[in-house]
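Student: Have a look at the structure that comes next, please.
The values are calculated or read from the model by the stated rules, or taken from the named source; none is laboratory data. On a predicted model such as this, the values are computed, not experimentally measured, just so you know. Note: ideal-geometry Cβ built from the backbone for every residue, glycine included; neighbour counts use all protein chains shown.
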Amino acid sequence: MAIKKIGELLVDKNLITPTQLKQAINEQKTSGKRLGEVVVDMNLVTEEQLLEVISERLKTPKVTLESIIIDPHIIQTVPVELARRYTLIPVFRIGNTLTVAMADPLNVIAVDELAYTTGCDIHRSIAPAPSIKKAIEHYYSVQDRLRSVIRTYDRASEPTESSRAMSADDDSNENQSPVVKLVNIILSKAVRDGASDIHFEPNEGLLRVRYRIHGKMREEVSPPKSLQAEVISSIKIAAEMDVSEKRVPQDGRFAVRVDDSTIDLRVSTLPTIHGEKIVIRILDPRNLNMGLEDLGLSGDTLNDWRKMIRRSDGLILISGPTSSGKTSTLYSTLQEINSIEKNIITVEDPVEYSLPMINQIQTNEKAGLTFANLLRSIVRQNPDIIMVGEIRDTDTARMAVGSALTGHLVFSTIHTNDSASSVTRLVDMGVAPYLVASALKGIMAQRLVQVNCPDCLEEYRPLESMIEFAGLSSNSIFRRSTGCTKCRLTRHRGMTGLFELLKVDGRIKEMIVNGDSDATIRDYGQTQGTRSLFDEGTLKLADGLITLEELLRSAAPETSRFGSSTTATYQAQNI
């Protein structure tokens, strides 16, 4: 039985009429295109309908590239020139069989060239041409640029002042060196992938580049050691740093254009034994439009926080380690209470985002503009609300408390493990307990956790030792994501916060003045409705938002709830 041609199959499936097929064949003879391209160009069928027919005709599976994360080592098996010429991309390899997604699986020349180039048996699959082209740009962009830089790299060349004008949208600028173009590709890809930081890490034989996405590090590209000096110098020039100084840490910033948006980048250098390490913090203003509900605040905690931040005076603190989302909470809070009637002034190091109708000040220790010195001047500006980026020393702590006691509402952050320990931290900084008690109105501790993808949730059973350590019932239901198209097989869909809000009432003020311990204040707060970070997490756990492993990673239960031996056993097993 003869195998039917594509046009005949389209007619058999009533996708086109015989008359339309004849018209398409006549157009094909004129244009020289394949029949499939012609019927799509004539709007007789959609590309998806054509792929269905081709897949059936060749018994070739369809591939949804958006749902696949391709191993970089697999990508390297096929040269980018070949991928672009034939609109194809390698997907995975099993033994000596390489599966390739192709826009035109009927192209036997492409298959033969692939087999010759890779030395593999080629297994064809089919995917839409736009999806393949997008995947090629996604997976090959950095590697392709890196190979181009290596080919054109001149060891005698030095970065010029033109390196200053970086624009990730325009890497075709003829005034830019190949290395600057490579850096622009790395920056733009990080922004599009939703990275919060980019790490350029010198190693003995290469310059490792890693992105931090949703709190986890992911390696992206490894330029050779020979490019290290020029890559680092290009970034330092753009950030207006001293290129000749490599012995001490430096800080700087610059901006790039990505997808018609201006993205601010905060740059930090650190000397290591293999050269300067650079970390670039990505400050995307598109992430700024977050309400308090978007942060993960909900229910009674959200209501209590909204009441607290509308006070006319007092000190309100947000506590937590680095990268726990404190700055996002501060900015969202300020936007919640911002209005034309309020004079709001902030002191930040650095100013991460520009907020409308808010007077923002950048600290500059070399010029004497420290948190404490600026606060002395700010109070003479008749502010209603003051935001201090961080309380990190005695002078700043005393000035913040003093400002709160003179009729101002003061927000700030502090590095402590939970809300109750923030009280002890202020006292340890040298602020008199009675002043802390008078000024402090509330403290909110927080952590960030990864959210399960809601489209691929399933029930699962964690290790019994984890359930026991968490103090949860053995009958509890646990959920995790398995990976799907919507989450690109990452199993996560963004991040959310865990919050512990401690309201400072009269009894807690007495405890502060009396010098009671953190544990005493914490226990009392819980009797008044304060949920610990762990207890807050169990609510999200019950809703299937997070896994038990993610909860324990971010907020382990208080040891007082369990015997110390249980905690020791858990930590020893490193679960």
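Student: Based on this model, can you work out whether Glu341 counts as farther than 28 Å from Val267 by Cβ, in the same structural domain as Ala404 (by TED's automatic domain parsing) and not in a strand (DSSP E or B)? Before the answer, list the steps.
Tutor: Numbers: farther than 28 Å from Val267 by Cβ: yes; in the same structural domain as Ala404 (by TED's automatic domain parsing): yes; not in a strand (DSSP E or B): yes.
Considered against the rule, which asks whether it is farther than 28 Å from Val267 by Cβ, in the same structural domain as Ala404 (by TED's automatic domain parsing) and not in a strand (DSSP E or B), Glu341 comes out as yes.
Student: Follow-up. Take the range 285-309 and flag every residue that is assigned to a loop (DSSP other than H, G, I, E, B) and at positive phi.
Tutor: So in the range 285-309, the residues assigned to a loop (DSSP other than H, G, I, E, B) come out as 288-291, 296-298, 309.
Gly296, the sole residue that qualifies.
Student: Related question: Just for the range 285-308: of the residues that are closer than 24 Å to Val449 by Cα and among the hydrophobic types (A, V, I, L, M, F, W, C), which one is surrounded by the fewest Cβ atoms within 10 Å (Cβ to Cβ)? If you could, list the steps in order and put the result at the bottom.
Tutor: Let us first name the residues in the range 285-308 that are closer than 24 Å to Val449 by Cα, namely 285-306.
Narrowing the set further to residues that are among the hydrophobic types (A, V, I, L, M, F, W, C) leaves 288, 290, 292, 295, 297, 302, 305.
Values: Leu288: 15, Met290: 13, Leu292: 20, Leu295: 21, Leu297: 24, Leu302: 17, Trp305: 22.
Of everything passing the filter in the range 285-308, Met290 is surrounded by the fewest Cβ atoms within 10 Å (Cβ to Cβ).
Student: Considering only the range 65-120, give the helices (runs of 4 or more DSSP H) lying wholly within it that have at least 1 residues that are in contact (Cβ under 8 Å) with a residue 40 or more places away in the chain and closer than 24 Å to Glu37 by Cβ.
Tutor: Working: elements: 72-75, 80-86, 108-118.
It comes to 80-86.
Student: Can you tell which of Thr99, Thr117, Thr60 is farther than 22 Å from Gly483 by Cα and either in contact with a helix residue (DSSP H, G or I) (Cβ under 6 Å, 6 or more places away or on another chain) or at pLDDT 85 or above (or both)?
Tutor: Numbers: Thr99 fails: farther than 22 Å from Gly483 by Cα; Thr60 fails: either in contact with a helix residue (DSSP H, G or I) (Cβ under 6 Å, 6 or more places away or on another chain) or at pLDDT 85 or above (or both).
Checking each option against the conditions leaves just Thr117.
Student: Right, next: Restricting the search to the range 265-284, which residues are surrounded by 14 or more Cβ atoms within 10 Å (Cβ to Cβ), outside any loop (DSSP other than H, G, I, E, B) and not β-branched (Val, Ile, Thr)? Spell out how you get there, then give the answer.
Tutor: So in the range 265-284, the residues surrounded by 14 or more Cβ atoms within 10 Å (Cβ to Cβ) come out as 265-269, 271, 274-284.
Filter again for outside any loop (DSSP other than H, G, I, E, B), leaving 265-269, 271, 275-283.
If the condition is that a residue be surrounded by 14 or more Cβ atoms within 10 Å (Cβ to Cβ), outside any loop (DSSP other than H, G, I, E, B) and not β-branched (Val, Ile, Thr), then Leu265, Arg266, Ser268, Pro271, Gly275, Glu276, Lys277, Arg281, Leu283 are the ones that fit.
Student: Which condition does Ser55 not pass, out of (1) without any contact (Cβ under 8 Å) to a residue 40 or more places away in the chain; (2) in a helix (DSSP H, G or I); (3) not acidic (Asp, Glu), if it passes all the others?
Tutor: Among (1) without any contact (Cβ under 8 Å) to a residue 40 or more places away in the chain; (2) in a helix (DSSP H, G or I); (3) not acidic (Asp, Glu), Ser55 violates only (1).
Student: Go through the range 438-456 and give me each residue that's assigned to a helix (DSSP H, G or I) and either surrounded by 21 or more Cβ atoms within 10 Å (Cβ to Cβ) or not assigned by TED's automatic domain parsing to the domain that holds Leu334 (or both).
Tutor: Within the range 438-456, the subset assigned to a helix (DSSP H, G or I) is 438-439, 454-456.
Ala439 - this is the single residue of the range 438-456 that is assigned to a helix (DSSP H, G or I) and either surrounded by 21 or more Cβ atoms within 10 Å (Cβ to Cβ) or not assigned by TED's automatic domain parsing to the domain that holds Leu334 (or both).
Student: Right, another one. Can you tell me which of Asp242, Asp259 is touching a helix residue (DSSP H, G or I) at 6+ places or on another chain (Cβ under 8 Å), in the same structural domain as Val179 (by TED's automatic domain parsing) and in contact (Cβ under 8 Å) with a residue 40 or more places away in the chain? Before the answer, list the steps.
Tutor: Values: Asp242 fails: in contact (Cβ under 8 Å) with a residue 40 or more places away in the chain.
Going through Asp242, Asp259 in turn, the sole match is Asp259.
Student: Any idea how many residues of the range 81-112 are in contact with a Ser or Thr (Cβ under 8 Å, 6 or more places away or on another chain) and β-branched (Val, Ile, Thr)? Don't jump to the end; show me each part of the working.
Tutor: Kept after step one, since they are in contact with a Ser or Thr (Cβ under 8 Å, 6 or more places away or on another chain), are these residues of the range 81-112: 82, 90-93, 98-105.
Restricting the remaining residues to those that are β-branched (Val, Ile, Thr) gives 91, 99-100.
Final tally of qualifying residues: 3.
Student: Hey, another quick one. Checking Val142 against (1) at pLDDT 85 or above; (2) touching an Asp or Glu at 6+ places or on another chain (Cβ under 8 Å); (3) buried (at least 19 other Cβ atoms within 10 Å of the Cβ); (4) at negative phi, which single condition isn't satisfied?
Tutor: The failed condition is (1).
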